[in-house]
1. Provide the per residue accessible area, probe 1.4 Å, for the chain, rounded to a whole number of square angstrom.
2. Go through Ile49, Ser70, Ser38 and say which Cα lies farthest out towards the positive end of the charge dipole of the range 15-99; charges sit on Cβ, +1 for Lys and Arg, -1 for Asp and Glu.
3. Roughly how much of Met105 is accessible, in Å² to the nearest 10, using a 1.4 Å probe?
4. The range 4-230: percent of C-alpha pairs farther apart than 33 Å?
5. Quick one: the Cα spread of the range 183-332 along its three principal axes, in angstroms, biggest first?
6. Round to a whole number: what % of the accessible area of the chain belongs to carbon and sulfur, probe 1.4 Å?
7. With θ set to phi - 60° and the Karplus curve 6.51 cos²θ - 1.76 cosθ + 1.60, what are the ³J(HN,Hα) couplings of the range 321-328 in order, to the nearest whole Hz, using x for Gly and Pro?
8. Arrange the residues Arg258, Arg173, Arg150 by how much accessible surface each exposes, largest first, with a 1.4 angstrom probe.
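The values are calculated or read from the model by the stated rules, or taken from the named source; none is laboratory data. None of these values were measured; they are calculated from a predicted model. Here the Cβ is made from the backbone with ideal geometry for all residues, glycine too, and neighbour counts use every protein chain on show. Only protein heavy atoms, including side chains, enter the accessible area calculation; ligands, DNA and RNA are left aside. Shrake-Rupley method; radii C 1.70, N 1.55, O 1.52, S 1.80 Å.
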Amino acid sequence: MGSITLQKVSKVFGEAKVIPSIDLEIKDGEFVVFVGPSGCGKSTLLRLIAGLEDVSGGKIVIDGKDATESAPSERRLAMVFQSYALYPHMSVRSNIAFPLKMAGMPKPEIDKKVADAARVLNLTDYLDRKPRALSGGQRQRVAIGRAIVRQPSAFLFDEPLSNLDAALRVNMRLEISELHQQLKTTMIYVTHDQVEAMTMADKIVVLNRGNIEQVGSPLELYSRPRNLFVAGFIGSPKMNFVTGQNAAAQGAHTIGVRPEHMQLSMQSGDWKGKVIVAEHLGSDTFLHVDVEGIGQMTARGDGNFPAKAGDTVYMTADKTRIHKFGQDGLAI
Ligand SMILES: Nc1ncnc2c1ncn2[C@@H]1O[C@H](COP(=O)(O)OP(=O)(O)OP(=O)(O)O)[C@@H](O)[C@H]1O
Ligand SMILES: [Mg+2]
């Protein structure tokens, strides 16, 4: 069991209304990702759910019970942070066992739980090592192991992978997704990383200044962003926005076209521009182009698209994938 409901939850720090009022429903077993710009309140919201911070108003219901006033330990949630905060003088085994030992669990039971967690996390061979003899990814797995043994009704992750290098992040991302499929426990995961959000989430919650801009599956948010904020936030590189005549001709105040929905050509197309920067990634080419009468736009082409800085290129938007927004910023 791990359903979590927020009803008009708010948080004020002194004068600052960090979270004005949030309503959110998280179903048992769901993988929910919180995304949003730095300072928008992701960690605060997670800490409110965990009980590490008191709400200023509203209600938090966990598994059908009002948990608003419950102590963190009574909520049966496990939090995993960016800094894994392992005890350096203890072995991996003791680190994982620590919360159980504190809870006074009998040793045979602890040993079994630690062994189970270690198996799930591929840490069996490392149980006798100290954290300093582990890689970053292994350390993060130990931190997750410490959370798993408590059999929480939900895991709360606050940017758990942001200390890891790119390759390890990819591995750990897959491992956490696998873990979720195995355990089927509710997970709330905060990240800055587009790819993590898109690939891991059943449901993404886009936050902006403490408000929810949109909640939906990754592909819903990608294909039907509700407003300019979500359109600009989900997707990498960002969606291009065009205002003025080009947009008015389409009956919109602003039109949005994703870089991957533009056809690139060296010969002809709707928009002509000069390449400012060409990023050749091998798999793709990203061109940052100064378009006449519009400004800078980004387009994605094939990995072998030959353009380089200074070249003139042409771009044509896929008409079926143009997003239209009104003056109020809402999708039309
Ligand atoms: N204890 C506190 N006292 C006062 N202000 C706080 C406190 N904790 C957080 N804030 C403020 O609340 C806002 C939201 O902070 P929070 O840490 O939730 O953001 P975040 O979305 O997690 O950002 P990041 O992506 O940088 O981690 C920020 O403006 C922050 O300065
Ligand atoms: Mg944060």
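1. On the way: 16060 Å² over 332 residues.
Averaged over the residues of the chain, the accessible area is 48 Å².
2. So the residue we want is Ser38.
3. Near enough 50 Å² of accessible area.
4. On the way: 4337 of 25651 pairs.
Above the 33 Å cut-off, the range 4-230 has 17 percent of its Cα pairs.
5. In descending order, the Cα extents are 53, 37, 26 Å.
6. On the way: 7830 of 16060 Å².
With neighbouring chains kept in place, the figure for the chain is 49 percent.
7. 10, 8, 9, 10, 10, x, 4, 6
8. Numbers: Arg258 0, Arg173 45, Arg150 100 Å².
Output order, biggest surface exposure first: Arg150, Arg173, Arg258.
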